[in-house]
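Scroll down for the structure; my scribbles are underneath it.
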Amino acid sequence: MRLWNFLKISVLWALLLPLLAVSCHQPEPEPEPEPIPDVSAKGMYILNEGLFLMNNSTLSYYNFETGEFTEDIFLDVNHRGLGDVGNDLQQYGAKLYIVVNNSNIVEVVDPATASSLKTINLNGKQPRCLAFLDDKAYVSCFDGDVVRIDTATLEVDATVHTGPNPDGICVCNGKIYVSNSGGLNAPNYGNTVSVIDPSSFTVIKDITVEINPTRIKSWQNRYVYVVSNGNYSNVSYSFQKIDAQSDEMVKNYNLEVLNFDIYQNLAYVYTYDYSTMTSAWIKVLDLETDEVVKDQFISDGTPLQTPYGIKVNPLNGDVYITDAGTFTTNGDVYCFDKNGKKKFSFEAGLNPSAMTFR
């Protein structure tokens, strides 16, 4: 009986020992790699406005492939600052164009290296925003003009006068649309959007809109959407639609929109009340039905203090929103998926506003 028990125990140990040996020498499971935030683009440039008269505009770069952030890549590469009040940032072809408003320049940069290709001086014109059509760059300027730049020679080849303090500019249906804000003439704000024929480079029509029109974007070569900032007291922000066939304003939405971007058939719009320093909402508007499909885009409760810029990645639909915070310290960039859930965020520069993807 004892021999039988001994044999049973010996057999059990013979079976268990290999298993114990394997378990003792089994390596620890490796931690899962950090997810790459965005593999549909190499990275993104962020234009940080800085503060007026402080000459501290910067160009930041966030590398999606490595997660590395460069606070001022323009300074690092070119060994000089960008200038005073960066206002717009766009890529066209193999060049990156940066409007620096108070320095009166358009800086042209190689997007692959961030090295300066040329500084275009627009002395006294106070450039604001950019649009592109058929190898020409069109720059709205607060002196009342739109300047045309040849993107091959990087020389100014024409100028046309539109209205008081042109601000936003876009291209739709083969025409150029520019919002005449009159922002420097307060309280006598402008209330027109000028339509420019690019072939003759003349204004062919002025469309009446709500006072102080600023941001403007086109959609599907059919419509132009315009934000009017009102007078910051008893006339609120407004959001309007222009038919690019008839060049008439066809709709004034009941939305107090300050800024927006468009992706496919959706407009991501937000408001911000500078008097109360509060952001009321970020909504999603279906441009095909003219209906609000989401009253609050951010669905996970991520708080934003001072939304300052918005850009949708055209490659995957991620929504990027900048937060200027108190305007005196570095701001942040937040990335949300299409469902309004935060994917990641990072600290940018002082008053980050315009963004573009590489």
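Coordinate-derived values only; no laboratory data. Here the structure is a predicted model, which is why all the values come from computation and not from measurement.
Put simply, the stretch 192-299 fits an ellipsoid with semi-axes of 25, 18, 10 Å; these come from the alpha carbon gyration tensor as the roots of five times its eigenvalues, largest first.
Along its first, second and third principal axes, ordered by size, the stretch 222-284 spans 39, 26, 14 Å in Cα coordinates.
By the Cα gyration tensor, the stretch 56-120 has an equivalent ellipsoid whose semi-axes, rounded to whole angstrom, run 19, 14, 11 from largest to smallest. Summary value for the stretch 209-358: 12 percent relative contact order, contacts being C-alpha pairs under 8 angstrom separated by 6+ residues. Highest GNM mean-square fluctuation among N48, N104, N231, for the chain modelled with Cα contacts below 10 Å: N231. Over all projection directions, the Cα-based convex hull of the chain averages an area of 25.6 nm².
Rounded to the nearest 10 degrees, the angle from helix 2-25 to the longest Cα principal axis of the chain is 20 degrees. Say we join alpha carbon atoms closer than 10 Å with springs in a Gaussian network model of the chain; which of Y320, Y232, Y45 then has the biggest fluctuation? In this elastic network of the chain, the residue with the biggest mean-square fluctuation among Y320, Y232, Y45 is Y232. Rg and Dmax of the stretch 213-358, both derived from C-alpha coordinates alone, stand at 15.0, 45 Å.
If a/c stays under 1.5 just call it rounded; otherwise compare a/b with b/c (prolate if a/b is bigger, oblate if not). Do that for the stretch 140-225, with a ≥ b ≥ c from the square roots of the Cα gyration tensor eigenvalues. Judged from the Cα gyration tensor, the stretch 140-225 comes out oblate (a/c at least 1.5, b/c at or above a/b). Taking the square roots of 5 times each eigenvalue of the Cα gyration tensor of the stretch 91-250, largest first, gives ellipsoid semi-axes of 26, 18, 14 Å.
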